[in-house]
Amino acid sequence: MGQFKDQVAVVTGAAGNLGRALCTALLGQGAKVAMLDISPERLDEVTEALPGGDWDTFPVDLLSAGEAERVIDAVKARFGRIDILANVAGGFAMGPPLHETDDDTWDRMLDLNLRSVFHCCRAAVPVMLTQGAGTIVNVSARAALNAKGRMGPYCASKAGVIALTESLAQEHKEQGIRVNCILPGTVDTPENRAAMPDQDHSKWVPPAALADVMLFLASDAARCVTGAAVPVYGRS
Ligand SMILES: NC(=O)c1ccc[n+]([C@@H]2O[C@H](COP(=O)([O-])OP(=O)(O)OC[C@H]3O[C@@H](n4cnc5c(N)ncnc54)[C@H](OP(=O)(O)O)[C@@H]3O)[C@@H](O)[C@H]2O)c1
């Protein structure tokens, strides 16, 4: 236990299903956790259920470059450093075939799933460069490798997360910064259960299982792993 003692982790999407599970796991391993999400109310709700530990909440809209920079500065001021950046914030949309897809849907998916990662990495990497160390774990999706119809913008945005992960990993492999991503299959969330009530939910991936893989990638056990996209499909 306590493998992340004295380390500072920034988790985006911290009020969501995976974000909550990841914050809980990081706190359980002794990390100090900066919890970023768009809704202050939902952050408050989530923190009520957290175990003890050193955490703080940072409401932010990560689609704004200025806000992303401000919040990374605020985390640095509060905790002194940033060892782990977990880019969890994201979202999903299905829709019509691509030739009927409107620009708003395209922009929303690319912004939410890819621009948010770009903004956070751009703001946090200089902190890690100054430290000479840091690790980033992004959240892509199985759909990045195995794209389905009627979800082109989502699949393209998550494929972009893999490309960004590989590019950043190349840029910083000599500077003590590792960058990896996970590819979740269907996650066992209340939203997915409501949308797919007839599926076998036991085949899906619990958020806590994804958090375990993210902890591994952030840990010293993965010190020789960078630029990886790790499938976490369960039996889904
Ligand atoms: N669920 C799945 O089956 C599945 C499968 C593959 C990959 N993934 C990926 O896994 C990640 C986590 O999924 P999840 O199910 O935990 O999602 P979730 O519960 O919707 O959590 C995402 C969180 O990010 C927040 N957020 C949205 N826009 C934001 C912004 N502009 N700035 C800051 N925070 C923002 C959301 O707030 P609001 O709710 O208010 O928008 C939400 O709290 C996502 O990247 C998702 O694409 C999920």
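Values quoted throughout were computed directly from the atomic coordinates according to the rules given, and no laboratory measurement underlies them. Remember, predicted model here, so these are calculated numbers, not experimental data. Using ideal geometry, Cβ is built from the backbone for each residue, glycine included, and neighbour counts are taken over all protein chains shown.
If you take all other residues with their beta carbon under 11 Å from the beta carbon of residue 154, and give Lys and Arg +1 and Asp and Glu -1, the sum is +4. With 0.36 nm allotted per residue and the present C-alpha distance subtracted, the residue 208-residue 225 stretch has 4.0 nm of extension available. Net charge near residue 17, counting Lys/Arg +1 and Asp/Glu -1 over other residues with Cβ under 9 Å of its Cβ? Once all neighbours under 9 Å are counted, the net charge is -1. For residue 54, the residues whose amide H sits under 5 Å from its own are 33, ignoring neighbours fewer than 5 places away on the same chain, with H placed 1.01 Å from N. With the convex hull drawn over the C-alpha atoms of region 8-230, the volume per residue is 123 Å³. Taking amide H as placed 1.01 Å from N in the peptide plane, residue 89 has its amide H under 5 Å from the amide H of 12, 13, each at least 5 places away in sequence or on another chain. Applied to region 60-77, the Karplus parametrisation 6.51 cos²θ - 1.76 cosθ + 1.60 on θ = phi - 60° returns per-residue 3J(HN,Hα) values of 6, 9, 6, 7, 9, 4, x, 5, 4, 5, 4, 6, 5, 4, 5, 5, 4, 5 Hz, with x for Gly and Pro.
Could you list, in their original order, any pairs among 32/203; 148/173; 5/76 whose Cα atoms are separated by more than 27 Å? Going by Cα-Cα distance, 32/203; 148/173 fall outside the 27 Å limit. With θ taken as phi - 60° and the Karplus curve 6.51 cos²θ - 1.76 cosθ + 1.60 applied, the whole-hertz 3J(HN,Hα) list for region 122-138 is 4, 6, 8, 4, x, 5, 5, 5, 5, 6, x, 6, x, 9, 10, 10, 9 Hz, x standing for glycine and proline. Here region 179-204 and region 83-159 have alpha carbon centers that stand 18 Å from each other. For residue 179, the residues 5 or more places off, or on other chains, whose built amide H falls under 5 Å of its own are 136, 227.
Once Rh is set to the Kirkwood radius over Cα pairs, what Stokes-Einstein translational diffusion coefficient, in µm²/s, holds for region 163-236 at a temperature of 25 °C and a viscosity of 0.890 mPa s? Before the final figure, lay out each step's value.
On the way: Rh = 13.6 Å.
This corresponds to a translational diffusion coefficient of 180 µm²/s.
Per-residue Karplus couplings for region 156-167, computed as 6.51 cos²θ - 1.76 cosθ + 1.60 with θ equal to phi - 60°, are listed in order as 5, 5, 6, 5, x, 5, 5, 4, 4, 4, 5, 5 Hz, Gly and Pro entered as x. Just add up the charged neighbours of residue 206: K/R +1, D/E -1, any other residue whose Cβ is under 13 Å from the Cβ of residue 206. Cβ neighbours under 13 Å give a net charge of +2.
Any chance you could run the full-extension gain for residue 54 through residue 173? It's 0.36 nm times the residue separation minus the Cα-Cα distance, nm to one decimal. If you can, show how the numbers build up before the last one.
On the way: separation 119, 0.36 × 119 = 42.84 nm, distance 2.98 nm.
Contour length minus Cα-Cα distance gives 39.9 nm.
Given the DSSP H assignment, sum -39500 (n - 2.57) over each helix run of at least 4 residues in the chain and divide by its residue total; what's the result at 222 nm in deg cm²/dmol, nearest 500?
Numbers: 8 runs with 99 residues, N = 236.
So the helix-based figure for the chain works out to -13000 deg cm²/dmol.
Given contacts defined as C-alpha pairs under 8 Å and at least six residues apart, what's the relative contact order of region 8-230, whole-number percent?
Relative contact order of region 8-230: 20 percent.
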